[in-house]
1. In Å and from the alpha-carbon atoms only, list the Rg and Dmax of the chain.
2. Using the Cα centre as the reference, give the magnitude of the dipole from point charges on the C-beta atoms of the chain (Lys, Arg: +1; Asp, Glu: -1; all else neutral), rounded to the nearest 20 debye.
3. Kirkwood hydrodynamic radius of region 260-327 from all distinct Cα pairs, in Å?
4. So how tilted is helix 457-467 from the main axis of the chain? Cα-based, degrees 0 to 90, rounded to 10.
5. When a footprinting reagent is the concern and you count Cβ atoms within 10 Å, what order do L234, L424 take, fewest first?
6. Given Cβ point charges of +1 (Lys, Arg) and -1 (Asp, Glu) and nothing else, what value in debye, to the nearest 20, does the dipole of region 273-389 about its Cα centre take?
7. To the nearest 10 degrees, how steep is helix 317-331 against the longest Cα principal axis of the chain, on a 0 to 90 scale?
8. Just to compare against my own numbers: the Cα pair-distance distribution for region 187-285, 10 Å bins, whole % per bin, please.
Amino acid sequence: MEFDYVIVGAGSAGCVLANRLSADPDVTVCLIEAGSRDRNPAIHLPFGLAVLGKFDALSWGYTVEPQTHMKGRQPFWPRGKVLGGSSSVNAMIYARGMRADYDGWAAMGATGWDYDSVLPYFLKAEDNARGADELHGVDGPLSVSDPADPNPLSLAFVEAGQQTQLPLTNDFNRGEDTEGVGLYQTTTRRGLRASAARSYLSDAVQARPNLHIMTQQHVRRITVEGQRATGVELGGTGDEPSQRIGARREVLLSAGAINSPQVLMLSGIGPANHLQALGIPVVLDAPGVGQGLADHLDVIIEHHATTGVGLGFEWNIGFRMARWGAKWLRQREGALASNVAEAGGFAKSSPDLDIPDIQFHFLPARIKDHGRKWVWGYGFCVHCCNLYPKSTGEIRLASPDSTAKPLIDPQYLSDPDDHDLDVLMSATRWGRALMGAPAFDAYRGEEISPGAAVQTREQVREWILETADTVYHPTSTVAMGAADNLNAPLMPDLRVKGIAGLRVIDASVMPRLVGGNTNAPTIMIAEKAADLIRQEA
Ligand SMILES: Cc1cc2nc3c(=O)[nH]c(=O)nc-3n(C[C@H](O)[C@H](O)[C@H](O)COP(=O)(O)OP(=O)(O)OC[C@H]3O[C@@H](n4cnc5c(N)ncnc54)[C@H](O)[C@@H]3O)c2cc1C
């Protein structure tokens, strides 16, 4: 089998590429996804988020390496393994980050990725229910809408933010500065999740004769001949016969921030000493592959609720589900249409900062262990994360076997000057102030986490080391940058330096984390990449 373009991974980026490239009937496109089709209804019902963690088949089920600076803990990292990738299992918050993020990318050598250059691609992707203006689009495939029926606790959070001197905002995507509190817009429409698959791979797109979609097919490596990528090999373990898919023009690697560097290294493209130690023939010594791993680390302030207005599980859950189901069927609204993390905002750990460095995700619910465990009773919590970590880590291979999980080491809180810990200390103070605001007086029960016993600086510090966790935004493991930047394996046009016919297009390519959630930025990256590819073809 041979195609013009072979796309590895049908996640946020891969679905965009498949749609945009196959729009040209003169080219052939093959989209290869390791996971299955997105048939599980819990994917499509926004509230399904609360139970998605229980479906092991939808996730790669990664656990990170023992975190030296967090008492050796090994946080769980869910990543979507299904059509739509992580956009099929994420919390649907639509937040792009700030102008300074993209201008920062450009200053780091990612020429052409400054805010003014990327804004048109956010708009191109978007179909915002509020209508079009200079910052929002309506003609794109990606539905963005407001929560139709926010929970009273989410509204209390917004009020609490104003009571703690944060401005009210009705749009976190104004670009310049996101400081404030409000309700998030979400990638949903009419009570359904707008995953990248649902948005970009409609039935009409899937029916295009020049687009071939393969699911449950694991790409084990990229084939390279004479420093040119020629295709991919599919198949399981070393002994299994593999199938080869040829790429006449380009292989586009969109396997996400963990698997894209993994596939590159399995193909012999990565740090030579690491590959040699594993007996993998070196095709290209690319020391930056797998390096620079960054993530938003998070602390959670959690309370019992004294009332049943939140989204809790109790003896009457069957009755409530029936009521929620009826409302969803009638109006596509209510709890089942909720992404749970309806409200949130951005704040500064220090007033002299130019832009916020803390993000809040408020949940009118208690979620334990990434939704993998049931929590009985009513409660609410605010996740508070550090947007610009100085600690960065790496992805390495555990083995040359393509089915082995890679070693994921974010090296959380490893920065020597304790900047990241200080931001989380401040984030904890912010979270407690928000939860303690008068707006929650009618609802607030006992503080579960950190808990009344955790008060001194030392106690809070220990609690952070014992509980801080991912908010699911790994990036920057195959970063783009200037031609002479050895730590950046990609040129700003996302081509792998030193290998022809190969680009990486997904969250890996971000030179630095953005100050917000990463789905919309990844979709923007793929929109811009599709334009670059089509212009060059
Ligand atoms: C639980 C969770 C909640 C989140 N919440 C939000 C949120 O509310 N808002 C937001 O903006 N962002 C959120 N994110 C982050 C966001 O979804 C991701 O940043 C984004 O989806 C990354 O897109 P990607 O294309 O880089 O990777 P992915 O979407 O993960 O796609 C990679 C795809 O490649 C496939 N693949 C990997 N390896 C192979 C292989 N060897 N062969 C074939 N296929 C392969 C994978 O199965 C997957 O489908 C969340 C993420 C998670 C996991």
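Bear in mind that the values in this text are calculations on the coordinates, not laboratory data. Fair warning: this is a prediction, and the values are worked out from it, not measured in the lab. All Cβ positions, even for glycine, are placed from backbone atoms using ideal geometry, and neighbour counts span all protein chains on display.
1. Taking only Cα atoms of the chain, I get Rg and Dmax of 22.3, 69 Å.
2. Working: 48 positive and 62 negative charges, 335 e Å.
For the chain, the charge dipole is close to 1620 debye.
3. Numbers: mean 1/r = 0.0595 Å⁻¹.
In region 260-327 this quantity evaluates to 16.8 Å.
4. The two axes meet at around 50 degrees.
5. Ordered by Cβ neighbours within 10 Å, fewest first: L234, L424.
6. Values: 10 positive and 11 negative charges, 179 e Å.
Dipole magnitude for region 273-389 comes out near 860 debye.
7. Taking the Cα atoms of the chain, the angle to 317-331 is about 70 degrees.
8. 13, 36, 31, 15, 5, 0
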